[in-house]
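The values are calculated or read from the model by the stated rules, or taken from the named source; none is laboratory data. Here the structure is a predicted model, which is why all the values come from computation and not from measurement. Backbone-built Cβ (ideal geometry, glycine too); neighbour counts: all protein chains shown. Heads up: the accessible areas ignore ligands, DNA and RNA and are worked out on the full protein's heavy atoms, side chains in. Shrake-Rupley method; radii C 1.70, N 1.55, O 1.52, S 1.80 Å.
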Amino acid sequence: MWPDLVEVGGCVFLATHYSEASRESFVAAGVTGSALEDVVNHVHLYDVVAEYSGSDEDLQRLEAVAMLMKQSWAARLAIAFPGRTFIVTFATEPEEYGPTVSFNQDPHG
């Protein structure tokens, strides 16, 4: 909910998702800047929750957690980088593989 962050080359990443090797491979493929942040910082809650029954109730619970994550990440980023503008997103079924939260710097702001 209150993630550790790392800044590399002007980009901000979730510390738990960042690796230099991964960053280099994305950059070599032409993914840079805010698009790189969005890819690295993309978290599917299905991948981090040990037990998910597939029920509508479980999905609603995970969506509620994802919305809280979105709000807490936005606060964390605002405190850590007060001069920057970030876009923190939430999406869920059917657009994403379950409740998903991500962030990147606003390329226009």
| query | At a probe radius of 1.4 Å, what is the per-residue accessible area of TYR97, in Å² to the nearest 10? | reply | 120
| Sequence-distant residues sharing a close amide H with ASN41 (under 5 Å, placed H) | PHE103
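If exposed GluC sites (Glu not before Pro) are those in a DSSP loop with at most 13 other Cβ within 10 Å, what is the longest stretch of the chain that has none? Walk me through the numbers on the way to the answer.
Details: sites that count: GLU51, GLU95.
Within the chain, the longest run free of exposed GluC sites (Glu not before Pro) spans 1-50.
Report the per residue volume, in Å³, of the convex hull enclosing the C-alpha atoms of the chain. Numbers along the way, then the final one.
Numbers: hull volume 11.8 nm³, N = 109.
Convex hull of Cα atoms, per residue: 108 Å³.
Within the chain, which DSSP H helices have Cα atoms that stretch 15 Å or more along the helix axis and a mean Kyte-Doolittle hydropathy of at least -0.5?
Values: long enough: 56-80 (35 Å, 0.12).
Length and hydropathy pass: 56-80.
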| Relative contact order [Cα under 8 Å, 6+ residues apart], the chain, whole percent | 30
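Percentage of Cα-Cα pair distances in segment 70-109 greater than 12 Å, rounded to whole percent? Could the numbers behind the result be given before it?
Values: 461 of 780 pairs.
The share of Cα pairs beyond 12 Å in segment 70-109 comes to 59 percent.
Given the DSSP H assignment, sum -39500 (n - 2.57) over each helix run of at least 4 residues in the chain and divide by its residue total; what's the result at 222 nm in deg cm²/dmol, nearest 500? Spell out each step's value before the answer.
Numbers: 4 runs with 46 residues, N = 109.
Result for the chain: -13000 deg cm²/dmol, rounded to the nearest 500.
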